[in-house]
Amino acid sequence: QLTPFPEGFLWGASTSAYQVEGAWNEDGKGPSVIDKASFSDSITDFTVTSDHYHRFQQDVALFAELGLKTYRFSIAWSRLFPQGSGELNAEGAAFYQRLIDELRKHEIEPLVTLYHFDLPWALQEKGGWSDPATIDAFEHFAKTAFELYGDRVNYWLTINEQNMMILKGDVIGTLPPGTPDPQKTLYQQNHHMMLAQAKAMIACHQMLPQAKIGPAPNISCVYPASPRPEDVLAANNFTSIRNWLYLDLACYGRYNAVAWSFMAEKGYLPTITDAEMAILREGKPDFIAFNYYASATVGAGLPADSDEEASRQLVDQQLAGIDESVYVGTENRYLKKNQFNWYIDPVGFRITAREIYDRYHLPLIVTENGLGAFDELVAGNKIYDDYRIAYLSEHIQQLQLAISDGVDLFGYCPWSAIDLVSTHQGIRKRYGFIYVNRDEHDLKDLARFKKKSFAWYQRVIRSNGQN
Ligand code: BGP
């Protein structure tokens, strides 16, 4: 017997500031680490992206037509504070006032991520998350956002995919190139980010008693490569290091024991104090948001003469940061992959939701899930993205099964509301319900076209989950 999606379920969709806004240096915005990063010349940069900064009214009207109950977006920290801290940039602050007003006008609940990969460059120059001063800067930024927007924002997310920033520290994280002892540095940065998050959660509860706040890690379902006990152990270890380390700290204010012993063995332990641990215990989330795209399959290393060895390799981003001396990523022959080599695993989505809920007993919301694909524009303005509909539909069905299993789930925000620039593959890797008419280097007219998935998702929302 299937349990229906709850009344008032937050059907939504997501974006992030640096991937959708453009206007990278307008109205006083300071540069972020994204603006200073070097990406391959073959893909688009982040200067204009989908030009949402100038077209947000049109976009919000489309979101309203889509029927979104909530819209997840992030605040570009360096729009509010071009230097990361110090003086507020009023023009940058005003942009999010207008965006939130527009959403409220259309009765769309804003779901605001404070920080989505785009650390202000001025802070990075001083050491980024290695510098404890960045913790204070984040706390100040968060408090300012609560002050500015708290009367109209009920749901806040602290840091997007902190675990991926650590696991892929040299790519989307803030690890300066050439850092000696990179892993140790990253786990110290992680500790600082955890403190920053805890302080933001404490401040939110003090300043906005009616609001709710939570973390937003990327949680992947991890399978063992075989029933061999060593493989099961390896998968279990990897789950702790990839997933639970972050949520145990966020929810319980303590280090996951398995992850801790891994860090100790490798010499990665951060420096921590009792006072800091007290802050981590005090800062508690009201809910857990998680991003889910795919599962990962890992095993222990095999004997050199094994013929299985060849199939053991790193296969996708879900295995980022994997330590091959400890774990080996493997193919999963039971699953299909998307055009970008990510496994498609709807059942893993149900498993993941159940695991998180069982561990933490907090309400859950999905803040990313979706299919990146090469969309084809047909007859000037049509996009027949049946593959995206299939992906989302299967995932929504598994979500309903998770609810039927007893998981307290209050929202689902696929990635992405509108086409935006993918972090590593440019605009060619599209996720949106709304097509943005541009190529990697040719901005064309940036017109918006509704994809086939738009009408499909509209029906899903209207019927509260029938698809
Ligand atoms: C998540 C990020 C998003 C988005 C998404 C898709 O990790 O939070 O910002 O980029 O993944 O990833 P990609 O753009 O690499 O396909």
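If you wrap a convex hull around the alpha carbons of the chain, what volume per residue comes out, as a whole number of Å³? Write out the running numbers ahead of the final one.
Working: hull volume 67.2 nm³, N = 467.
Per-residue hull volume (Cα only) is 144 Å³.
Taking each DSSP H run with n ≥ 4 as -39500 (n - 2.57) and averaging over every residue of the chain yields -11500 deg cm²/dmol at 222 nm. Taking a Cβ cut-off of under 9 Å around Asn89, the surrounding Lys, Arg, Asp and Glu residues balance to a net charge of -1, with basic ones at +1 and acidic ones at -1. Taking only the Cα atoms of region 327-467, the radius of gyration and Dmax are 16.5, 50 Å.
Which net charge results for the neighbourhood of Gly8, defined as the other residues with beta-carbon distances under 15 angstrom from its beta-carbon, given Lys and Arg at +1 and Asp and Glu at -1? Can you show the working numbers first?
On the way: positive: Lys69, Lys212, Arg462; negative: Glu7, Glu107, Glu109, Asp408.
For residues surrounding Gly8, the net value is -1.
Here the dipole of region 321-467 is about 600 debye; that uses its Cα centre as origin and unit charges on the Cβ of Lys and Arg (positive) and Asp and Glu (negative). Computed 3J(HN,Hα) for region 430-438, one whole-Hz value per residue from the Karplus formula 6.51 cos²θ - 1.76 cosθ + 1.60 where θ = phi - 60°, is 9, 10, x, 7, 10, 7, 10, 7, 7, glycine and proline marked x.
Applying both filters, DSSP loop and at most 10 other Cβ atoms within 10 Å, to the GluC sites (Glu not before Pro) of region 91-200 gives Glu107. Applying the criteria of a DSSP loop state and at most 16 other Cβ atoms within 10 Å to the chymotrypsin sites (Phe, Trp or Tyr not before Pro) of region 384-467 yields Tyr384.
Region 418-467: which trypsin sites (Lys or Arg not before Pro) are DSSP loop and have at most 12 other beta-carbon atoms within 10 angstrom? The partial results should precede the final answer.
Numbers: sites: Arg428, Lys429, Arg430, Arg438, Lys444, Arg448, Lys450, Lys451, Lys452, Arg459, Arg462; in loops: Arg428, Lys429, Arg438, Lys444, Lys451.
Of the trypsin sites (Lys or Arg not before Pro), the ones in loops of region 418-467 whose Cβ has at most 12 other Cβ atoms within 10 Å are Lys444.
Rounding to the nearest 20 debye, state how big the charge dipole of the chain is about its Cα centre with +1 on each Lys and Arg Cβ and -1 on each Asp and Glu Cβ.
Result for the chain is approximately 1040 debye, rounded to the nearest 20.
Over all other residues within a Cβ to Cβ distance under 13 Å of Gln189, the charged ones net out to -1, with Lys and Arg as +1 and Asp and Glu as -1. Sorting Val436, Val407 by the number of Cβ atoms found within 10 Å of their own Cβ, with the fewest placed first, yields Val407, Val436. Here's how it looks for Leu409: its modeled amide H is under 5 Å from those of Leu364, which are all 5 or more places away or on a different chain.
Treating r as the C-beta distance of Leu377 and Lys36 and R0 as 35 Å, the FRET efficiency rounds to 0.60.
When the charge dipole of the chain is built from unit charges on Cβ atoms (+1 for Lys and Arg, -1 for Asp and Glu) and taken about the Cα centre, the candidate among Phe287, Ala137, Gly86 whose Cα reaches farthest toward its positive end is Phe287.
Throughout, read-outs are computed from the coordinates displayed, never taken from laboratory work. Every value quoted in this text rests on a predicted model; they were computed, and no experiment measured them. Quick reminder, even Gly has a Cβ in these numbers, built from the backbone with ideal geometry, and neighbours come from all protein chains shown.
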